[in-house]
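Asks: This is the structure, below, for whatever I ask next.
The values are calculated or read from the model by the stated rules, or taken from the named source; none is laboratory data. Everything quoted here is computed from the prediction, not taken from an experiment. Cβ: placed from backbone, ideal geometry, glycine included. Neighbour counts: every protein chain shown.
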Amino acid sequence: MALPILQKQIKMENSKEMSAWLEDFGLDHPLVIAGPCSAETEEQVLKIAHELKDTDVTVFRAGIWKPRTRPGMFEGVGAIGLDWLKKVKDQTGLLISTEVANKDHVKLALEADVDILWIGARSTVSPFIVQEIADALNGTDKIVLVKNPVNPDLALWMGGLERLYSANIKKLGVIHRGFSTYDKSKYRNNPEWQIAVEFQNKFPDIPLICDPSHIAGRRDLIFNLSQRALDLNFDGLMIETHWDPDNAWSDAKQQVTPGRLVEIMNNLKIRKVTTDEKSYQLELETLREQIDVSDQIILDALGKRMKVAESIGTLKKGNNVAVLQNKRWNEILQTMRARGGERGLSEEFITRIFKAIHQESINHQEKVING
């Protein structure tokens with residue numbers, strides 16, 4: 001089924017139905033899914049669960065099967081961990097969730113009555129894997145969440161939802177866990193918030209959950225990322241929690257203790273989506289008009305810059321000079337980073353913006369040279 005047709009159906013026919021599972025929880029706060037990155041021992045799983053049961057956590061998570069980047073790393077305890085999760089549900093009343101990466105995982109998770117299954121980033125990147133999981137889940141009434149693919153590809157993320165939707169799965173949601181990049185960053189996976197925002201714009205009723213643990217890769221960044229997600233109207237958080245995070249068998253640096261998780265939840269601020277206060281609306285409209293003017297100035301400046309780039313392309317063509325001049329590019333980038341810092345702009349932001357501008361300049365020059 002073509003994407004525009006399916007997208008229209010989700011938004012206009014079944015989006016409310018797809019998000020009803022979250023409303024059924026009747027929460028007066030964002031949904032919180034928490035637990036260890038990996039189930040390690042029965043004692044570890046139950047200890048963490050009991051420390052979370054009287055908090056705002058609704059769902060206990062633990063990885064049973066762990067897809068790892070390289071062989072030889074801890075890849076999960078396997079199906080025995082499902083028995084531990086069942087004990088969590090029986091003893092604490094928490095809902096339970098785990099990641100599934102193939103049809104065999106799905107079968108075992110359904111037999112164990114796991115409440116929420118999620119498809120990981122490494123699986124979402126493969127349409128074949130997602131289709132296999134969708135076929136195995138066909139018609140289930142379980143909640144299924146789709147993490148964004150490791151690469152920043154919104155269409156691929158949406159495609160995962162399409163396949164599940166086509167398999168008659170109605171309780172759907174997505175998890176934003178950031179995107180892999182070769183560029184150096186303080187994050188393990190760059191947030192690329194604009195992709196999540198674009199997803200919200202396309203599917204405003206589908207629950208969107210943030211996984212700050214995988215975005216951060218460091219526990220000291222989790223609070224700020226969680227607050228940012230709530231400021232962007234995310235519906236919930238998935239935070240990795242371990243009673244002894246420094247000695248966790250996987251992703252030790254990004255896990256927090258149950259006590260720290262409670263602190264984070266208590267300190268997070270839930271902001272109103274909007275307000276009818278007239279003075280606020282008038283001031284907001286004025287500021288937005290200023291932004292509109294600034295945006296137009298930026299576009300005009302970029303248009304002029306590309307005209308200059310085309311003139312440079314003409315000059316290079318006449319002198320048989322290569323388009324890419326690395327020395328010149330590195331000088332520009334270094335200068336812009338410094339000037340951006342003087343204006344309160346982060347080095348990461350400046351780098352991303354000017355890489356895009358540089359690539360567009362190259363495209364314009366190549367069009368001149370090859371045209």
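Asks: Which one is farthest from Val114 (Cα to Cα), of the residues in the range 160-175 that are part of a helix (DSSP H, G or I) and in contact with a helix residue (DSSP H, G or I) (Cβ under 6 Å, 6 or more places away or on another chain)?
Replies: We begin by selecting, within the range 160-175, every residue part of a helix (DSSP H, G or I); these are 160-166.
Now restrict to residues that are in contact with a helix residue (DSSP H, G or I) (Cβ under 6 Å, 6 or more places away or on another chain): 160, 162-164.
On the way: Gly160: 20, Glu162: 22, Arg163: 21, Leu164: 18 Å.
Only one residue fits best here, namely Glu162.
Asks: Out of everything in the range 15-27 that is more than 19 Å from Met238 (Cβ to Cβ) and under 23 Å from the mean Cα position of the chain (by Cα), what residue ends up being modelled with the lowest pLDDT? Even if it seems obvious, please write down each step before you answer.
Replies: Step one: filter the range 15-27 for residues more than 19 Å from Met238 (Cβ to Cβ), giving 15-17, 20, 26.
Those left that are additionally under 23 Å from the mean Cα position of the chain (by Cα): 15-17, 20.
Details: Ser15: 59, Lys16: 67, Glu17: 71, Ala20: 87.
Looking at residues that are more than 19 Å from Met238 (Cβ to Cβ) and under 23 Å from the mean Cα position of the chain (by Cα), I get Ser15.
Asks: For the range 53-108, how many residues meet the condition of being within 19 Å of Asp251 (Cβ to Cβ), of a type in the set (Lys, Arg) and either modelled with pLDDT of 95 or more or touching a His at 6+ places or on another chain (Cβ under 8 Å) (or both)? I'd like the intermediate steps shown before the answer.
Replies: So in the range 53-108, the residues within 19 Å of Asp251 (Cβ to Cβ) come out as 57, 59-78, 81, 84-85, 97-101.
Filter once more, keeping what is of a type in the set (Lys, Arg): 61, 66, 68, 70.
With the extra rule that they be either modelled with pLDDT of 95 or more or touching a His at 6+ places or on another chain (Cβ under 8 Å) (or both), the set shrinks to 61.
Number satisfying all stated conditions: 1.
Asks: Based on what the data block shows, is Lys316 in a helix (DSSP H, G or I), surrounded by fewer than 15 Cβ atoms within 10 Å (Cβ to Cβ) and not aliphatic (A, V, I, L, M)? Outline the logic, then answer.
Replies: Details: in a helix (DSSP H, G or I): yes; surrounded by fewer than 15 Cβ atoms within 10 Å (Cβ to Cβ): no; not aliphatic (A, V, I, L, M): yes.
The answer is no for Lys316.
Asks: Sticking with this one: Failed condition for Asn267, given (1) in contact (Cβ under 8 Å) with a residue 24 or more places away in the chain; (2) surrounded by 11 or more Cβ atoms within 10 Å (Cβ to Cβ), with all others met?
Replies: (2)
Asks: When you go through Asp104, Asp90 one by one, which is the residue that is more than 25 Å from Thr55 (Cα to Cα), free of Cβ contacts under 8 Å to residues at least 24 places away in the same chain, part of a helix (DSSP H, G or I) and not small (Gly, Ala, Ser)? Write out each step before concluding.
Replies: Working: Asp90 fails: more than 25 Å from Thr55 (Cα to Cα).
Exactly one of Asp104, Asp90 is more than 25 Å from Thr55 (Cα to Cα), free of Cβ contacts under 8 Å to residues at least 24 places away in the same chain, part of a helix (DSSP H, G or I) and not small (Gly, Ala, Ser), namely Asp104.
Asks: Follow-up question, since we're still on this one. Cβ contacts < 9 Å: first residue surrounded by 15 or more Cβ atoms within 10 Å (Cβ to Cβ), restricted to the range 347-371; second residue in a loop (DSSP other than H, G, I, E, B) and polar (S, T, N, Q), any location; separation 6+ or different chain. Result?
Replies: Glu348/Ser185
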